[in-house]
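I have placed the structure first, in the form of structure tokens, so that the comments after it can refer back to it.
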Amino acid sequence: MGFFLEFGRMLKIGITGGIGSGKSTVAKIFALLGVPVYYADDAAKTIMQTDELLIQQVKAHFGNHMYDSNNVLDRAALGKIVFNDKDKLELLNSLVHPATIRHSDEWADRQTAPYVLKEAALLFESGSFQYLDKCIGVSAPQPLRILRVMKRDNIGRSDVLARMYKQIDDTIKMKLCDYVIRNDEQEMVIPQVLALHEKLLQLAAEH
């Protein structure tokens, strides 16, 4: 990426990967090194309960009944609408992603580290990569990713594949990234993270 490097400004680094790649685990290793990490998927769940503009947009497009009198989202009802309707899912994402980008920018402005990480499954699909300086991809072979998700979520292979098909192909996604960490249970992850951490600290120092 590298379009937004500015002298004296904290670097914003994205970290992404296909479902089951282990991107959240890798992000936690960076966090142990003192790097602030923004978990976009978790934040989106919170924002849908707290962002007044987003709440009003969801109500306008999906119905007031999506929220109760205390503005608590009925996730099951919303899920039924978007799960098998690609257009409705894209509409929901078009509402949630801008709100998440705003929230992550506000969060980043409060940090004081040389660089911060934004962990997101749909970094490229959402377009949020455009607001980042560099992107890290976490890669793993598809058979391993499938097994991980089946075990983690206690679901069948077909359900995992259905989720995978909603994301950009992992090979394409890794080509879009500036750095790739291999989490294939063959190459050790921690040394890769430590080496990349040093590179990013150096990059931050130069800018």
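See the values below:
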{"read-out": "Search result, residues across the stretch 58-107 that are touching a strand residue (DSSP E or B) at 6+ places or on another chain (Cβ under 8 Å) and part of a helix (DSSP H, G or I)", "value": "58, 59, 66, 104, 107"}
{"read-out": "Residue check for residue 136: modelled with pLDDT of 95 or more and closer than 19 Å to residue 39 by Cβ", "value": "yes"}
{"read-out": "Any chance residue 65 is closer than 27 Å to residue 181 by Cβ and either touching a residue at least 12 places away in the same chain (Cβ under 8 Å) or surrounded by 13 or more Cβ atoms within 10 Å (Cβ to Cβ) (or both)", "value": "no"}
{"read-out": "Residue within the stretch 200-207 that is surrounded by 16 or more Cβ atoms within 10 Å (Cβ to Cβ) and within 18 Å of the chain's Cα centre (by Cα) present", "value": "no"}
{"read-out": "Leading residue by the ranking (surrounded by the most Cβ atoms within 10 Å (Cβ to Cβ)) among those in the stretch 23-52 that are part of a loop (DSSP other than H, G, I, E, B) and at pLDDT 95 or above", "value": "35"}
{"read-out": "Unmet requirement for residue 125, which otherwise passes all of (1) farther than 20 Å from residue 204 by Cβ; (2) modelled with pLDDT under 95; (3) part of a helix (DSSP H, G or I)", "value": "(3)"}
{"read-out": "Any hit, the stretch 139-146, residues being modelled with pLDDT of 95 or more, in contact with a strand residue (DSSP E or B) (Cβ under 7 Å, 6 or more places away or on another chain) and not in a helix (DSSP H, G or I)", "value": "yes"}
{"read-out": "First in the stretch 22-43 and under 10 Å from residue 193 (Cβ atoms), second anywhere and of a type outside the set (A, V, I, L, M) and assigned to a loop (DSSP other than H, G, I, E, B), Cβ under 7 Å, 6 or more apart", "value": "26/183"}
{"read-out": "Test result for residue 18, outside the structural domain of residue 72 (by TED's automatic domain parsing), surrounded by fewer than 22 Cβ atoms within 10 Å (Cβ to Cβ) and at pLDDT below 95", "value": "no"}
{"read-out": "Tally of residues being closer than 14 Å to residue 140 by Cα, in a helix (DSSP H, G or I) and of a type in the set (A, V, I, L, M) across the stretch 163-207", "value": "4"}
{"read-out": "Residue in the stretch 150-158 that is over 17 Å from residue 21 (Cα atoms), in contact (Cβ under 8 Å) with a residue 24 or more places away in the chain and not in a loop (DSSP other than H, G, I, E, B) present", "value": "no"}
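The values are calculated or read from the model by the stated rules, or taken from the named source; none is laboratory data. Computed from a predicted model, the values in this text were never measured in an experiment. Virtual Cβ from ideal backbone geometry, glycine too; neighbours counted across all protein chains shown.
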